[in-house]
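J.: First the structure, then my questions, so here it is.
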Amino acid sequence: MNTLALRDRPSRWWQSRVARRFAQHPLALLGLVMITALTVACVVGPWLLPYDILQIDLRARFAPPLTGSHILGTDPLGRDLAARLFVAGRVSLLVGFSAMLLSVVVGTVVGVIAGYRGGWLGAALMRTVDGFLAFPSIFLVLALSAALQPSPLMIVVIIAVTKWMEVARIVEAEVRSLREREFVLAGRMLGLSSVHIMFREILPNAMGPITVAASLTVARAILLEAYISFLGYGIQPPLPSWGNMLNGAQQYLSSAPWMAIIPGAAITIAVTSFNFIGDGLRDALDVKGEHG
Amino acid sequence: MRGFLLHRLFQSAVLLVIVSLIGFATLSLMPGGPMAQYGLDPGMTQDDLARLKQQLGLDRPLWVQYFDWAWRLLQGDWGKSFRDGSAVLSVIGRHIFATLLLMGTSTVIAIALGSWIGIRGATHRHSVFDYLATIGAMIALSIPTFWFGLIGIYFFTLKLGWLPAGNMYTIGDGSVLDYAHHLIMPSVVLSLVHVAIWSRYMRTATLDAISQDFVKTARAKGASERRVLMKHVVGNALLPMIALAGVQLPSILTGALVTETVFTWPGMGRLFLDSLSYSDYPVVMGLLIFSAIIVILGNLIADIVIAFVDPRIRLA
């Protein structure tokens, strides 16, 4: 790269080609706006509402949305649904995001080592990835959650256990294709350590696909948390999550349908946002998609 | 072909070993492990427990226990249910039909509807239909299956009264029509995600096939556009979809578990949850291993079918 090309590089990240292409992707922008609004609402919301999530009010049971100051109505104990929804959102988004971070870290480390070392170790690691992929994720998550006491932190770990494989596969393929490139050979000739070559020289070139996989993994982690909490093996009450708010909703479906509709809509909006963002990132970063 | 088959069989066997290792590790994490059922018995003294532990061989090194456990799995001895003492495999056998019926029906819906959407999207590229199908697929992938089921029950059972809210048949009826009536909502709910995935892949595969030389040749030879599409394009686009059906198996099983819960469908998913709530670990473990075996076998069969249909693969 000559000096002219260096000078041509934008000085601010939002002037970069990737940022511009992302900004021209209407769905990605919509996703970004939706998830930002939802996150702000979940963070700020509980302070603005005059209700505590545990405040039981038996005179206000089963209030439909827009009853007095209960914007989203109440549940069978008269607890304000809006307050619970926002606090649940903090939990669900935080669990989804943390599970994504953990899976990306684990998947990246496994993928880099498998791709760079190759041989016997690489094969063993990648067959382990295949082994984990053979389990329908919810069977494994539920079995682990029943075996280990499901604290929020443990839920994050358990979700990550079933979601790290895709990142590992993507990183392994990238690293394997980069392993024989000149800059890696140059690094070896300079006497850099393998760890330095793997993580400082090769890994930055694989950041595009990892970023896309990360945004899609948040979406899947939020969904998986919702599934297991709905089934009663995820986040445990009284701590609310979008999934466990739906746990009892089925029996009140005829008398209080809003209890089922509202938390489910929140999950759908959050997951859709991350899927839209992932799609936009895929186009902006020129990553080959799993479905074009 | 023989070489391909042997290679593929060997791969599946290796995968089975890895899956059994993961399963055994999960089993070891269970509270109290295999001893849990005896620990609950108030008549048991510490001495009894220790003696039992020795009899069951649980004082041996873990790797010995693993080989013992894996060997019994291979022989079909999957242990006994804590709930009624019947063999785990026969308990699973009693529930497998309902799950296969649900998964099969929803797969047919997903393939039919997904293929149609995908092919139309590819032939009418950048049309309003194509655009809506793309967005629709992404939203469908984001909807929690159980929530979609609850919304379906709300409208089609509670508001309209058209469809039953759950179960596989009406007690005292059980005719084919009655089964079909109960099957509609769960299978449509379960198929939603797979219609989305299938349509996306089918669109890509069709676009790939359209640009191939043999399609140009068929057109040049004067075949009608419809014939080119149905015979040459779709035929070739469907081929990679067989592999997709195999790859999708774990997610169909996951969806089936959730759908069965919402619709009280008496399949393996419900059995799994019931067994979890009774701490019936032999059945839980059995289903965990069994579901992974279904996935491995499904992928093996998909690959063999493709190899039979497509000589490029088996000769490569």
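Rule-based calculations on the coordinates, nothing more; no lab input. Not measured: the values here are computed from a predicted model. Cβ placement follows ideal geometry from the backbone for every residue including glycine, while neighbour counts extend to all protein chains displayed.
J.: What spacing in nm lies between the two simple spin-label points modelled at residue A:153 and residue A:196, each 7 Å away from Cα in the Cβ direction?
T.: Each label point lies 7 Å from its Cα, and together they span 3.5 nm.
J.: Under 29 Å Cα to Cα from residue B:80, which lysines show up? Leave out anything in the same chain fewer than 8 places away.
T.: Straight-line reach from residue B:80, under 29 Å: B:53.
J.: Mind checking the mean number of beta-carbon atoms from other chains within 10 Å of the Cβ atoms in B:190-202? Can you show the working numbers first?
T.: Values: counts 0, 0, 0, 1, 0, 0, 1, 2, 1, 1, 4, 3, 1.
Mean shielding count: 1.
J.: With θ set to phi - 60°, apply the Karplus curve 6.51 cos²θ - 1.76 cosθ + 1.60 along segment A:143-152 and write out the HN-Hα couplings as whole Hz, x wherever there is a Gly or Pro.
T.: Result, rounded to whole Hz: 4, 5, 5, 6, 6, 9, 5, x, 7, x.
J.: Can I ask one more? Please enumerate, by chain and number, the lysines with C-alpha under 25 Å from the C-alpha of residue B:221, excluding those fewer than 8 residues away in the same chain.
T.: B:231
J.: Non-local amide H neighbours of residue B:79 (under 5 Å, H modeled in plane, Pro and chain starts lacking H): which ones?
T.: Counting only residues 5 or more places away or on other chains, the set is B:88.
J.: Apply the Karplus parameterisation 6.51 cos²θ - 1.76 cosθ + 1.60, with θ equal to phi minus 60°, to every residue of segment A:254-262 and state each ³J(HN,Hα) to the nearest whole Hz, in sequence, with x for glycine and proline.
T.: Working through the residues one at a time gives 7, 8, 9, x, 4, 4, 8, 5, 5 Hz.
J.: Let me ask something additional. Please work out the FRET efficiency for the pair residue B:129 and residue B:177, using the Cβ-Cβ distance as r and a Förster radius of 35 Å; give the result to the nearest 0.05.
T.: 0.55
J.: On to the next question. With every atom except the alpha carbons ignored, what do you get for Rg and Dmax of the protein assembly as shown, in angstroms?
T.: 26.1, 86
J.: Next question, about the same structure. Take each of the peptides B:249-258, A:37-46, average the number of other beta-carbon atoms within 10 Å over its residues, and list them starting from the highest. Please list the in-between numbers first.
T.: On the way: B:249-258: 24.4, A:37-46: 15.4.
Per-residue mean Cβ counts within 10 Å order the peptides as B:249-258, A:37-46.
J.: Taking 22 Å as R0, compute the FRET efficiency from the Cβ-Cβ separation of residue B:28 and residue B:49 and round it to 0.05.
T.: On the way: r = 18 Å, r/R0 = 0.80.
Computed FRET efficiency for residue B:28 and residue B:49: 0.80.
J.: What's the FRET efficiency of residue A:173 with residue B:77 using the Cβ-Cβ distance as r and R₀ = 45 Å, to the nearest 0.05?
T.: The value I calculate is 0.65.
J.: So the label point goes 7 Å from the Cα of residue A:69 along Cα→C-beta, right? Which residues of segment A:35-53 then have their backbone N under 16 Å from it?
T.: The answer is A:45-53.
J.: For a protection proxy built on the mean count of beta-carbon atoms within 10 angstrom, sort B:291-299, B:271-279, B:214-222, B:88-96 highest first, please. Could you put the intermediate results ahead of the total?
T.: Values: B:291-299: 21.7, B:271-279: 19.6, B:214-222: 12.2, B:88-96: 17.0.
With the highest mean Cβ count within 10 Å placed first, the list reads B:291-299, B:271-279, B:88-96, B:214-222.
J.: Report the Cα centroid-to-centroid distance between segment B:195-216 and segment B:165-189 in angstrom, as an integer.
T.: Between the Cα centres of segment B:195-216 and segment B:165-189 lies a distance of 35 Å.
J.: Explain nothing, just compute: Karplus ³J(HN,Hα) = 6.51 cos²θ - 1.76 cosθ + 1.60, θ = phi - 60°, for every residue of segment B:126-141 in order, whole Hz, x for Gly and Pro.
T.: 6, 7, 4, 4, 4, 5, 5, 5, 5, 5, x, 5, 5, 5, 4, 5
J.: Once you average over the residues of A:140-151, how many Cβ atoms of partner chains fall within 10 Å of each Cβ? Could you put the intermediate results ahead of the total?
T.: On the way: counts 8, 1, 8, 13, 5, 1, 11, 11, 3, 1, 0, 0.
Mean number of neighbouring Cβ atoms from other chains: 5.
J.: Take peptide B:296-305, look around each residue's Cβ out to 10 angstrom, count Cβ atoms belonging to other protein chains, and average those counts.
T.: Values: counts 3, 0, 1, 3, 0, 0, 0, 0, 0, 0.
Shielding by partners across B:296-305 averages 1.
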